[in-house]
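Data block below; observations after.
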Amino acid sequence: MRDMNVRMICFVISFALSLICPVGGHAQTDEGTSFSLDQALTFPEKIIRLDLSNQHIVILDPKMGALQRLSHLNLDHNLIEQLPDEIGQLTSLQSLFVNNNKLTRLSTQIAKLPRLLWLQAGHNNIIHLPKTLGSLRGLELLHLQDNQISELPEEVGQLTSLLEIDLGHNLLRLLPKTFENLLRLKTLTLSGNKLEEFGFDIALLTRLEWLQMNDNLFKELPQGITALHHLLEIEFADNKLEEFPTPLLALTQLEMINLSGNQIKTIPDDIARMENLRVLNLQDNLITKLPASIAKLTKLQELKLEGNHFSDEEIKKITSLFPENMVKWQRVYTSLASALQAGAQKVDKLFLNHHGLTSFPADILELFHLQELWLGNNAIVKVPPQIHRLNQLHKLDLSHNKLRDLPAELVELTQLKWLNLVGNEFSDKEKQKIRALFTETEVIFEVLPDNPNKKIDDI
């Protein structure tokens, strides 16, 4: 586990415990913790931790500047559009959390916080960062993900104590050259930007352990990557890579590689050099075969190959090389919301058994790439005729619902090989009708109690 996360987790736990279980069993100001600014200002010299999260605050009272001993300030999940200048008077502050607000900028007064170690301002509307941010020489963690930042000031390179920085999901196209001064950096997250290159010499960040660059515009990885001998995990999913990045082959210490969602066609024989790999994610590329040498990756625990172009013969070959369940061929979801978020082209199997459904969820019809749909043990009474949109379906489980008939359009699912209708309310006449329609599909209405895998053909 990364050192920075350990420190962060320890802080969060200690902070939470101080709020929930302070001495005496109550969150009182005389214990150094408060949930109310008004209460805190009653004894400003005693307050060390102030948690004002989830309080619908729009404007922060400038009087907070009186809390000279305040070390930890949590303003997450409010409606704050800007921080008062008095924030700069909190010179004992070590952590400032202001995630999920409506900030459009960071106050320049933050630069007056010499002891600040952690600054989190993710999920806001920040457009620009002040140059004075570079004055926070002791800052170790900076989270500014999910904002509208299109450019970083060169002064960010003065944050030489940084161990972790998250600038994911902004509008960055290039990083300042001064980024290469962040020599202590261990975790760098830049996913969800518009980067085609780093803009600085990545080889100088030799302490990097985690590098996340998903959803950018990289066509190749710089050769400088080969200098990152402490790197354990690297992610370049959903970029524009057309070839397996050969610089990675020099990083034999890597434990996880994510190259999903690119246009890679072949995997080099030298992949066998990656002897410490535990996870290799190659899903949603254009790969048709893997080299036999991949079997030499003896530490591999998960090989994700969903959404490629393997023949049935190649699938059998690859499957024979690894233990059962190590190779992932299909993208499986157990939540409709998660499946929809992933996107129609990235959902192969959807399991919604025992979900308390009383109707067929219409949103499922948008998952046109779906190959298996499991809706057993619900209370569905009708299947919509629009189900014909799911023309890639191989398996459909509608068992143990309240169905009395099926739409005629279901016959348009020409790929359907298996249809489970056990435990519904079909009449004998309807069963015969369904069987007549699906002559090329294994249709199951009932199972023998002593052999649940055997169907009854003569109903």
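Quick note: the coordinates plus some simple rules give every number you see, no bench work behind them. Treat the numbers as computed from the prediction; the structure is a model and nothing was measured. Because the Cβ atoms are built from the backbone with ideal geometry, glycine has one as well, and the counts that use them run over all protein chains shown.
Using Cα positions and a limit of under 17 Å, work out the aspartates and glutamates in reach of residue 112, with same-chain residues fewer than 8 apart set aside.
85, 86, 140, 155
Roughly how many whole Å is it from the C-alpha centroid of segment 197-216 to that of segment 276-310?
23 Å
Lysines within cross-link reach of residue 346: Cα-Cα under 25 Å, excluding same-chain residues under 8 positions apart?
Hits, sequence-local ones excluded: 194, 219, 240, 265, 289, 304, 316, 317, 328, 395, 417.
Using the Cβ atoms and a cut-off under 10 Å, what net charge is assigned to the surroundings of residue 192, where Lys and Arg are +1 and Asp and Glu are -1?
Values: positive: 194; negative: 146, 215, 238.
In short, -2.
Give the Kirkwood hydrodynamic radius (Å, one decimal) of the chain, defined as one over the mean of 1/r across all pairs of different Cα atoms. Intermediate results must be reported in sequence, preceding the final value.
On the way: mean 1/r = 0.0384 Å⁻¹.
For the chain, the Kirkwood estimate is 26.0 Å.
Based on DSSP, what percent of beta bridges with both residues in segment 333-455 are antiparallel, to the nearest 5? Write down the numbers at each step before the final one.
On the way: 2 of 15 bridges.
Percent antiparallel among DSSP bridges in segment 333-455 is about 15.
Provide the net charge surrounding residue 333, with neighbours chosen by a C-beta distance below 11 Å and charges set as Lys +1, Arg +1, Asp -1, Glu -1. Can you show the working numbers first?
Numbers: positive: 331, 346, 349; negative: 348, 372.
Summing Lys/Arg as +1 and Asp/Glu as -1 gives +1.
If you average the sequence gap of Cα pairs under 8 Å that are 6 or more apart and divide by the length of segment 305-399, what percent do you get for the contact order?
Numbers: 145 pairs, mean separation 21.2, N = 95.
Normalised by residue count, the contact order of segment 305-399 is 22 percent.
Reachable aspartates and glutamates from residue 299, Cα under 14 Å, same-chain residues fewer than 8 places away excluded?
Of all the aspartates and glutamates, those that pass the test against residue 299 - Cα under 14 Å, at least 8 places apart if same chain - are 255, 275.
Return an integer: the convex hull volume of the alpha-carbon atoms of segment 161-225, in Å³ per residue. All intermediate terms of the calculation are to be shown ahead of the outcome.
On the way: hull volume 4.7 nm³, N = 65.
It comes to 72 Å³ per residue, whole-number rounded.
Take every DSSP beta bridge with both residues inside segment 3-331 and express the antiparallel ones as a percent of the total, to the nearest 5. It would help to have the intermediate numbers written out before the result.
Numbers: 0 of 38 bridges.
Antiparallel bridges make up about 0 percent of those DSSP assigns within segment 3-331.
Can you give the relative contact order of segment 333-455 as a percent, counting alpha carbon pairs under 8 Å and 6+ residues apart?
That works out to 18 percent.
Quick one, could you list the DSSP H helices from the chain stretching 15 Å or more along their long axis (Cα atoms) with average Kyte-Doolittle hydropathy of 1.6 or above?
Working: long enough: 3-20 (26 Å, 1.67).
Going by DSSP H runs, the hits are 3-20.
Over segment 330-440, with a single point scatterer placed on each C-alpha, what log10 of the ratio I(q)/I(0) does the Debye formula yield at q = 0.14, 0.18 1/Å?
After summing over all Cα pairs, the log10 values are -0.51, -0.86.
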